[in-house]
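**Q** One structure follows; several queries about it will come next.
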Amino acid sequence: MDRTQVIEQLPGLRRYARVLTGDAWAADDLVQDTLERACSKWRLWRSGSDLRAWLFTLMHNLYLNQRRAMPSLQRLEIEDVQDSLQTNAPPSDDALDLERCLQRLPAEQRAVLLLVTLEDLSYEDTARILAIPVGTVMSRLSRARSRLRALMEHTPSAVPGQPPVLRRLK
């Protein structure tokens, strides 16, 4: 594994970590943990295989392990996101709206959506990274797109039982 190959993957890893965690500091920590794991497990990477997919797999597994280790933190993160979404201050731009809407997606759907759309990975690579069948990738992606569209368009069906709290800026 060449150091420059790993460095080339850093922007994608940071993007994915940022949206997974919803926090810049936590994202940097996750990237750091991923790189540490990659260094300690570099012998497991097969030369000629997709380094990008391997690094994303490491990151995703680390993220899941961290979430499992702190169930109370998960609850706090969800409550923090919901509280921040229910403020009356209007969002400053579409990017902020999109980020808030992404954080409202279930983690499984958000991961698939980000890997396929943001990181431009194939369904097969995404399935390998997340250790799920390709059909599940397609299903989660479809549901994530529908839910994200509903959240961005501010439809009442987006969150059953709750008034819409986000608005799309034109």
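The values are calculated or read from the model by the stated rules, or taken from the named source; none is laboratory data. Owing to the predicted nature of the structure, the values given are computational and were not obtained by experimental measurement. As a convention, Cβ positions derive from the backbone with ideal geometry for all residues, glycine included, and neighbour counts pool all protein chains shown.
**Q** Can you say whether residue 54 is surrounded by fewer than 15 Cβ atoms within 10 Å (Cβ to Cβ) and either charged (D, E, K, R) or not assigned by TED's automatic domain parsing to the domain that holds residue 119 (or both), as far as the supplied structure shows?
**A** no
**Q** Give the residue, chosen from 37, 68, 43, that is among the basic types (Lys, Arg), at pLDDT 50 or above and surrounded by 10 or more Cβ atoms within 10 Å (Cβ to Cβ).
**A** 37
**Q** Continuing with the same structure: Identify the single condition in (1) closer than 30 Å to residue 8 by Cβ; (2) at pLDDT below 85; (3) over 16 Å from the mean Cα position of the chain (by Cα) that residue 124 does not satisfy, given that it satisfies every other one.
**A** Evaluating residue 124 over (1) closer than 30 Å to residue 8 by Cβ; (2) at pLDDT below 85; (3) over 16 Å from the mean Cα position of the chain (by Cα) leaves (2) as the failure.
**Q** Still on this structure: Does residue 30 satisfy the criteria of being over 16 Å from residue 110 (Cβ atoms) and surrounded by 18 or more Cβ atoms within 10 Å (Cβ to Cβ)?
**A** The answer is no for residue 30.
**Q** Go through (1) part of a helix (DSSP H, G or I); (2) modelled with pLDDT of 75 or more; (3) closer than 25 Å to residue 116 by Cβ and name the single condition residue 74 misses.
**A** (2)
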